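Novice: Below is one structure. I have some questions about it.
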């Protein structure tokens, strides 16, 4: 007997052949926004819904009264009929189409089609029979795999059992941060993001494996936030996302990942290159490299690939070739592969829409498409970029050597080396912050230890003052100014009057401005670094006399 699912897919294939569309034709047609409740009834040419498919609610919608709302939004997303409300409630524990039809009668099909059209529910087909190749796809956060390699996963889901392994699954990150809304409960956000990832994995006929570590923004302050607290620390949090990880963190990520690989015994392992500035992507890359170097037989036993991080690759176009060169420099053998995903790009766009807690879907889709088009090929073609690992790295892995800020750090280190010789024993040092430190407690403690005899006078603007709450020391005085000009003028007046050694931190985009400012403060013996993280890394390099 042919399963209902197979019959339905066959009918879709016929329809697809007539229109020149791939087999996802029917799913896309169902989701056309112009479809209303009244015209949602199937036409004679419309295939019947497969009775063995499972209907699942998207986790970010809630029913209040007769309307669906997106999370804590106060504006109704859609008003449901009485029959649709019954259907929505019946989906609390998810049900197959056949069960829903038996329970709700004729209204079931029409209601299912409406929910699918509104993109508030998904229909998951049964996993095809037979053994599939076990592929572990490693991602830092719960969305990175779909962003970067969702197209290839869609193409290969019938032949591969995808284990989407997320390292950092304790999260407080949602798009509500960007619109100043109070949605900061760790358990609520983590569970929501896991549910989104589980749904995506099921649509790929795979599984989501959460490893339970904490993402960077939450590591800044690993407790439930309040809106008032977030407003005071927002700038520092975003700077912390680009702050280098400590050795303890890397060891924790490495051991967690090594255990997962040993437990699941994959036949293929897909890993992120770590393109961009986000510390969690860099941690994931280095954890992967540490595991491979410690056990090079993994590369012999598994097909191992690195993939380009999307959409970061579009923002940092020079990073991918620089990272590949750095990996080859430590003994890795990499072979470039470009995978055409044009046929499944509409389905990849749809996968991304399921992570609605994280972004405006249209914006992220455009950024992903731009990365896919940047790889070349005919017009309107899309690709994903991979590097197959033919041999594991043979040398020790230096986090800075494969860092996107390597050149910046070494450039600063060359300036810092003579400055450090003059000021290692200085009784006081001034710091002028145009951007937050990123991790005040960690950075200030490093400076206090590195300059054990020094007092620090830190000048910053009011929006960054919240960061100073995380470490208070009698050796650190903080001076806050409301306006930019009072901040600069007050700092230079105080520091120049006492001729203090001066550290200027202008931010990456205004490093030239910092160097111009340094010329005004020559009597104070200034040194400039784009970020405090760069300055601290440069101090470490200068202390070891390593600049390249």
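The values are calculated or read from the model by the stated rules, or taken from the named source; none is laboratory data. Since this is a predicted model, take the numbers as computed values, not measurements. Quick reminder, even Gly has a Cβ in these numbers, built from the backbone with ideal geometry, and neighbours come from all protein chains shown.
Novice: Give me a count of the residues in the stretch 427-462 that are surrounded by 15 or more Cβ atoms within 10 Å (Cβ to Cβ) and either part of a loop (DSSP other than H, G, I, E, B) or in contact with a helix residue (DSSP H, G or I) (Cβ under 6 Å, 6 or more places away or on another chain) (or both).
Specialist: The qualifying residues number 16.
Novice: With respect to residue 150, determine if the residue is surrounded by 16 or more Cβ atoms within 10 Å (Cβ to Cβ), within 22 Å of residue 315 (Cβ to Cβ) and in contact (Cβ under 8 Å) with a residue 40 or more places away in the chain. Break it down into steps so the answer makes sense when it comes.
Specialist: On the way: surrounded by 16 or more Cβ atoms within 10 Å (Cβ to Cβ): yes; within 22 Å of residue 315 (Cβ to Cβ): yes; in contact (Cβ under 8 Å) with a residue 40 or more places away in the chain: yes.
Yes.
Novice: Among the residues that make up the stretch 187-199, is at least one of them in contact with a helix residue (DSSP H, G or I) (Cβ under 8 Å, 6 or more places away or on another chain) and surrounded by fewer than 20 Cβ atoms within 10 Å (Cβ to Cβ)?
Specialist: Filtering the stretch 187-199 for residues in contact with a helix residue (DSSP H, G or I) (Cβ under 8 Å, 6 or more places away or on another chain) gives none.
No; the residues of the stretch 187-199 include none that is in contact with a helix residue (DSSP H, G or I) (Cβ under 8 Å, 6 or more places away or on another chain) and surrounded by fewer than 20 Cβ atoms within 10 Å (Cβ to Cβ).
Novice: Take residue 419 and tell me if it is in contact with a strand residue (DSSP E or B) (Cβ under 6 Å, 6 or more places away or on another chain), within 30 Å of residue 341 (Cβ to Cβ) and not in a loop (DSSP other than H, G, I, E, B).
Specialist: Working: in contact with a strand residue (DSSP E or B) (Cβ under 6 Å, 6 or more places away or on another chain): yes; within 30 Å of residue 341 (Cβ to Cβ): no; not in a loop (DSSP other than H, G, I, E, B): yes.
Here the answer is no, as residue 419 does not meet what is asked.
Novice: Can you tell which of 263, 280 is modelled with pLDDT of 95 or more and out of contact with any helix residue (DSSP H, G or I) (no Cβ under 6 Å at 6 or more places or on another chain)? Break it down into steps so the answer makes sense when it comes.
Specialist: Details: 280 fails: out of contact with any helix residue (DSSP H, G or I) (no Cβ under 6 Å at 6 or more places or on another chain).
Of 263, 280, the one residue that is modelled with pLDDT of 95 or more and out of contact with any helix residue (DSSP H, G or I) (no Cβ under 6 Å at 6 or more places or on another chain) is 263.
Novice: Continuing with the same structure: Report the residue count in the stretch 190-220 for those that are over 15 Å from the mean Cα position of the chain (by Cα) and part of a helix (DSSP H, G or I). First the steps, then the outcome.
Specialist: Let us first name the residues in the stretch 190-220 that are over 15 Å from the mean Cα position of the chain (by Cα), namely 191-192, 195, 198-209, 211-212, 220.
When the remaining residues are screened for being part of a helix (DSSP H, G or I), the result is 191-192, 195, 198-203, 220.
Of the residues in that region, 10 qualify.
Novice: Do any residues in the stretch 219-235 that are within 12 Å of residue 171 (Cα to Cα) have Cβ atoms under 8 Å from those of residues that are in a loop (DSSP other than H, G, I, E, B), where the two are at least six apart or on different chains, and which pairs are they?
Specialist: Within 8 Å, the pairs are 220/439; 224/172; 224/184; 224/185; 225/172; 225/184.
Novice: Provide a single number: the residues in the stretch 421-455 that are under 16 Å from residue 532 (Cβ atoms) and over 35 Å from the mean Cα position of the chain (by Cα). So that I can check it myself, show each step before the final result.
Specialist: Pass one, the stretch 421-455, residues under 16 Å from residue 532 (Cβ atoms): 429-451, 454.
After this cut, where a residue has to be over 35 Å from the mean Cα position of the chain (by Cα) as well, the list is 429-430, 451, 454.
Matching residues across the stretch 421-455 total 4.
Novice: Continuing with this model, one more query. So, in the stretch 94-143, how many residues would count as being touching a residue at least 60 places away in the same chain (Cβ under 8 Å) and closer than 18 Å to residue 68 by Cα?
Specialist: Selection size over the stretch 94-143: 11.
Novice: Being in the same structural domain as residue 262 (by TED's automatic domain parsing), touching a strand residue (DSSP E or B) at 6+ places or on another chain (Cβ under 6 Å) and farther than 16 Å from residue 270 by Cβ narrows it down to one of 333, 342, so name that one. Talk me through it step by step, then tell me what you get.
Specialist: Values: 342 fails: touching a strand residue (DSSP E or B) at 6+ places or on another chain (Cβ under 6 Å).
So the residue among 333, 342 that is in the same structural domain as residue 262 (by TED's automatic domain parsing), touching a strand residue (DSSP E or B) at 6+ places or on another chain (Cβ under 6 Å) and farther than 16 Å from residue 270 by Cβ is 333.
Novice: Being surrounded by fewer than 19 Cβ atoms within 10 Å (Cβ to Cβ), in contact with a helix residue (DSSP H, G or I) (Cβ under 9 Å, 6 or more places away or on another chain), in the same structural domain as residue 277 (by TED's automatic domain parsing) and over 30 Å from residue 434 (Cβ atoms) is true for just one of 207, 181. Which residue is that? Walk me through it before giving the result.
Specialist: Details: 181 fails: over 30 Å from residue 434 (Cβ atoms).
Testing whether each residue is surrounded by fewer than 19 Cβ atoms within 10 Å (Cβ to Cβ), in contact with a helix residue (DSSP H, G or I) (Cβ under 9 Å, 6 or more places away or on another chain), in the same structural domain as residue 277 (by TED's automatic domain parsing) and over 30 Å from residue 434 (Cβ atoms) leaves just 207.
Novice: Which residues, taken from the stretch 407-416, are in contact (Cβ under 8 Å) with a residue 60 or more places away in the chain and either farther than 28 Å from residue 480 by Cα or out of contact with any strand residue (DSSP E or B) (no Cβ under 9 Å at 6 or more places or on another chain) (or both)? Can you show your working first?
Specialist: Looking only at the stretch 407-416, we keep the residues that are in contact (Cβ under 8 Å) with a residue 60 or more places away in the chain, and these are 408-410, 412-416.
Across the stretch 407-416, the qualifying residues are 408, 409, 410, 413, 414.
Novice: Of the residues 491, 462, 481, 468, which single one is touching a strand residue (DSSP E or B) at 6+ places or on another chain (Cβ under 9 Å), modelled with pLDDT of 90 or more and outside the structural domain of residue 240 (by TED's automatic domain parsing)?
Specialist: Values: 491 fails: modelled with pLDDT of 90 or more; 462 fails: modelled with pLDDT of 90 or more; 481 fails: modelled with pLDDT of 90 or more.
Answer to the check: 468.
Novice: Determine if the stretch 256-270 includes at least one residue that is in contact (Cβ under 8 Å) with a residue 12 or more places away in the chain, farther than 21 Å from residue 212 by Cα and in contact with a strand residue (DSSP E or B) (Cβ under 6 Å, 6 or more places away or on another chain). I'd like the intermediate steps shown before the answer.
Specialist: Initial filter on the stretch 256-270 (in contact (Cβ under 8 Å) with a residue 12 or more places away in the chain): 256-258, 260-261, 264-270.
From what is left, the residues that are farther than 21 Å from residue 212 by Cα are 267-268.
Checking the rest, the ones that are also in contact with a strand residue (DSSP E or B) (Cβ under 6 Å, 6 or more places away or on another chain) come to 267-268.
Yes: one or more hits.
Novice: Among the residues of the stretch 377-406, write down those that are farther than 19 Å from residue 289 by Cβ and either assigned to a loop (DSSP other than H, G, I, E, B) or not assigned by TED's automatic domain parsing to the domain that holds residue 333 (or both).
Specialist: Within the stretch 377-406, 377, 378, 379, 380, 381, 382 meet the criteria.
Novice: Looking for something at pLDDT 90 or above and within 27 Å of residue 260 (Cα to Cα) - is there at least one such residue anywhere in the stretch 359-370?
Specialist: The answer is no; no qualifying residue exists.
Novice: Across the stretch 346-376, what is the number of residues that are in contact with a helix residue (DSSP H, G or I) (Cβ under 8 Å, 6 or more places away or on another chain) and in a loop (DSSP other than H, G, I, E, B)? First the steps, then the outcome.
Specialist: As a first pass, look at the stretch 346-376 and keep what is in contact with a helix residue (DSSP H, G or I) (Cβ under 8 Å, 6 or more places away or on another chain): 346-361, 364-365, 367-372, 374.
Checking which are in a loop (DSSP other than H, G, I, E, B) leaves us with 354-360, 374.
Going through the stretch 346-376 one residue at a time, the tally reaches 8.
Novice: If you take the residues in the stretch 272-330 that are in contact with a strand residue (DSSP E or B) (Cβ under 7 Å, 6 or more places away or on another chain) and part of a loop (DSSP other than H, G, I, E, B), which one is surrounded by the fewest Cβ atoms within 10 Å (Cβ to Cβ)?
Specialist: Step by step, filter the stretch 272-330, then rank; the result is 302.
Novice: What is the number of the single condition among (1) at pLDDT below 95; (2) buried (at least 16 other Cβ atoms within 10 Å of the Cβ); (3) closer than 13 Å to residue 115 by Cα; (4) in contact with a helix residue (DSSP H, G or I) (Cβ under 7 Å, 6 or more places away or on another chain) that residue 23 does not meet?
Specialist: Only one criterion is unmet by residue 23, namely (3).
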